[in-house]
Structures are given as structure tokens and as C-alpha cells.
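The values are calculated or read from the model by the stated rules, or taken from the named source; none is laboratory data. Because the structure is a prediction, the values reported are computed rather than measured. Counting neighbours? That spans all protein chains shown, and the Cβs are built from the backbone with ideal geometry, glycine included. Ligands, DNA and RNA are excluded from the accessible area calculation, which covers all protein heavy atoms including side chains. Shrake-Rupley method; radii C 1.70, N 1.55, O 1.52, S 1.80 Å.
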Amino acid sequence: MQTLPQMETPKAFVRDRLTWLGYLLGASFAFCSSSLGPLMPFLRADLHLNYTEGAYHFSAWALGSLASGIWGDRLMRIFGRHKTLWGGAIGGCIGIFLIGTMSHIFLTVLGALLGGFAGSILGQTVTTIMSDR
């Protein structure tokens, strides 16, 4: 008579400091990402932008997110997950800072591009770390 192999009991998921940090970073990026729309009327008024120029910010954010999908995995392999996590967080903060404080359209669109790229890298890294855990 043949016996079936014993299956391992799955380990309980434990939320440690890194898990909570991932939740916090992911939530902060989601907040910043969803704030671009409500911020746009104020940004358009402050910089005297028309609708087309205001839309450049959304296009730049989307282009940055697309680029992160292309290069995100490579960056994690080259720099490691720890550096990629913090690089994404810092880059996202710099992008949001540029959008909120600069008074020239080139710099605010650059901030949107950086925010979309770095923020999406952050999201990929957090998801990868959570999957490993």
C-alpha cells in the first residue's frame, strides 16, 4: 500500500516591522498618486496653465509608471530590494515636492514623471517583499 506524502502545515503570516513599513509606504504612495487630480485646478491656477498643459502632468505620471514596469525588475536585481525600496520612497517624495513647490511647468512635469516612476518602483518593491514573506 502506498502512502501519501505529508504536506507541511502553512506557517502563520506575521506582520513584523518591515510588513508595517511596506503598508505605510504603499499607503502614502497611493495617497500622493490619487492627490494629483484634486491638486490640478490649484496648480493650473498658480502656474497659469491651460487644460492641455495641465494634462501633461497626468501623462508624465503615466509614462513614469510605464517606465517602471520596464525597468523595475532590473533595478531590484542591480541594487537589491532594500535600496530599491528606499530609492523609490525618496524619489517619490522628491517628485511630489517638485509638483507642489516649483513654479515652472517643466519642473512640475518632471516631478510628475519622477513621482510616477519612483512611486511605482516603490509599489513593485513592496509587493515583492510581501510576496517573499
Given unit charges at Cβ for Lys, Arg (+) and Asp, Glu (-), the dipole magnitude of the chain about its Cα centre in debye, nearest 20, is 320 debye
With only helices counted (DSSP H, runs n ≥ 4, each -39500 (n - 2.57)), the per-residue ellipticity at 222 nm for the chain, to the nearest 500, works out to -29500 deg cm²/dmol
In this structure, the FRET efficiency calculated for Phe42 and Trp20 from their beta-carbon separation, with R0 = 35 Å, to the nearest 0.05, is 0.60
For His104, the accessible surface traced by a 1.4 Å probe with all protein chains present amounts, in square angstrom to the nearest 10, to 100 Å²
Which of [x] 35, 29, 28; [y] 47, 41, 24; [z] 80, 26, 25 gives Cα extents along the principal axes in Å as computed here? It is [z]
Using alpha-carbon positions, the gyration tensor of region 32-101 gives root eigenvalues a ≥ b ≥ c; with a/c under 1.5 called rounded, otherwise prolate if a/b exceeds b/c, else oblate, the class is prolate
From highest to lowest solvent-accessible area (probe 1.4 Å; ligands, DNA and RNA excluded), Ile105, Ile70, Ile78 read Ile78, Ile70, Ile105
Between Ala55 and Thr127, Cβ-based FRET efficiency (R0 25 Å, step 0.05) works out to 0.30
